[in-house]
Amino acid sequence: MKRARVIGTGSYLPERVMTNADIEQLVETSDEWIRDRTGIRERRIAAEGETTCDLAEKAARRALKAAGVAPRDIDLIVIGTTTADQIFPSTACLLQARLGIHGPAAFDVQAVCTGFIYALSVADQFIRTGAATTALVIGAETMSRIIDWKDRDTCVLFGDGAGAVVLRADTKPGILSTHLHADGKHAGLLQVPGGISGGYEDGRDPYLRMQGSEVFKMAVTTLSRIVDETLEANGLSREDIDWLIPHQANNRILAATARKLRLPMERVINTVAEHGNTSAASVPMALDVGVRDGRIERGQLLLLEAFGGGFTWGSALIRY
Ligand code: ACO
């Protein structure tokens, strides 16, 4: 059977740095509170006019270069994003045109912070079934555009960025398994209430709203469960994991998952301090950071996991 191997990674952060001190100027908060409760020191914010597709393109070109793959070799593009440039066409179609690719499937998936894991899982299925051979999988977000910069419950947490991987069909893994879940009954705890079809009246505003402590509790218990599910599905134990590459929502959630795996924090790729929560971009950006600084090596076992609005959650186990 064909398996999907990660043959290149790339990421891109917008230039503008927004520190906690900058946020102190906007809302009643403090650098100390933000660091203490989340671990975030700063985040990047897209420039005016800079879109999710702009970030995705830069990350994609870096991943293609690292993989030694030309755009014409790509036969599938899947982008995890909640902050598409336009209602349609999809960001994946916009990116496809910029890369000069014509014909193969290109589409977005929307699973908020779990978006990259969902996108990776979809591309993995395409490759396993032989429907694609070389896939570009991206998580890209401009979360700053759906943040209410007067809402201290949310504006301290999020940032912008993009991460990408190139997958290629191979006889050896690669992606060992992916695990996707959702439970829509919790939709109200983390949402942008407004929308195209539902409108923006009667409290359905266009900004991200979150009941943070409820989401926090759900994230910790759910991510513990998915760690077990992933290991059991592959007949592996905690000791086999070389690197945990989690969604970068909050240091305390990362630490809880690492404790569950009995992994020291040195074995967790942690970009919370510099990136903040970049939703679907956070996992592929963290992966790229670990690959490029040499910590992640070929042959190692990587556990990627994420939890986000929906609720959605998921994981991917990768022999890198
Ligand atoms: N600055 C200063 N004080 C604040 C701030 C702020 N920005 N926000 C809240 N506070 C205050 C509260 O008013 C409260 O004060 P009180 O004790 O006087 O009532 C106190 O700080 C504690 O508030 P909590 O909401 O209980 O703080 P908590 O420890 O839960 O931390 C946080 C909040 C950081 C949001 C945390 O709950 C969290 O990380 N939640 C999960 C986020 C997440 O994982 N999201 C999923 C992915 S996101 C996606 O899918 C888009």
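The values are calculated or read from the model by the stated rules, or taken from the named source; none is laboratory data. Keep in mind the model is a prediction, meaning the values are calculated, not measured. Cβ atoms come from the backbone with ideal geometry, glycine included; neighbour counts cover every protein chain shown. These accessible areas exclude ligands, DNA and RNA; they are computed on the full protein's heavy atoms, side chains included. Shrake-Rupley method; radii C 1.70, N 1.55, O 1.52, S 1.80 Å.
Both radii come from the Cα set of region 3-172: Rg as radius of gyration, Rh as Kirkwood radius; their ratio Rg/Rh reads 1.04.
Its convex hull of Cα atoms gives region 100-200 a direction-averaged projected area, equal to a quarter of the hull surface, of 9.1 nm². In the chain, the ratio of gyration radius to Kirkwood radius, Rg to Rh, stands at 0.95 when only Cα atoms are counted. Assuming a ≥ b ≥ c are the square roots of the Cα gyration tensor eigenvalues, decide whether region 133-187 counts as rounded (a/c under 1.5), prolate (otherwise, with a/b larger than b/c) or oblate. Verdict is oblate for region 133-187. Peptides 272-280, 37-45, 3-11 ranked from most to least packed give 272-280, 3-11, 37-45, packing being the mean of other C-beta atoms within 10 angstrom over each peptide's residues.
Sorting HIS186, HIS247, HIS181 by solvent-accessible area of protein heavy atoms yields HIS181, HIS186, HIS247, largest first, with a 1.4 Å probe.
Protection proxy ranking of 129-138, 142-151, by the mean of other Cβ atoms within 10 Å over each peptide's residues and highest first, is 129-138, 142-151.
In this structure MET218 has an accessible area near 50 Å², from a 1.4 Å probe over the protein heavy atoms.
Measuring spread by the Cα atoms of region 176-319 yields a radius of gyration and Dmax of 16.2, 53 Å. Counting Lys and Arg as +1 and Asp and Glu as -1 over every other residue whose Cβ lies under 11 Å from the Cβ of VAL192, the net charge comes to +1.
Separation of region 206-261 from region 84-147 is 24 Å, based on Cα centroids.
Can you figure out the FRET efficiency of ALA97 with ASP170, using R₀ = 22 Å and their beta-carbon distance, to the nearest 0.05? Computed FRET efficiency for ALA97 and ASP170 comes out at 0.15.
Sorting 85-91, 286-292, 265-271, 304-310 by their mean Cβ neighbour count within 10 Å, with the most densely packed peptide first, gives 304-310, 286-292, 265-271, 85-91.
Reducing region 287-320 and region 1-78 to their Cα centroids gives an inter-centroid distance of 15 Å.
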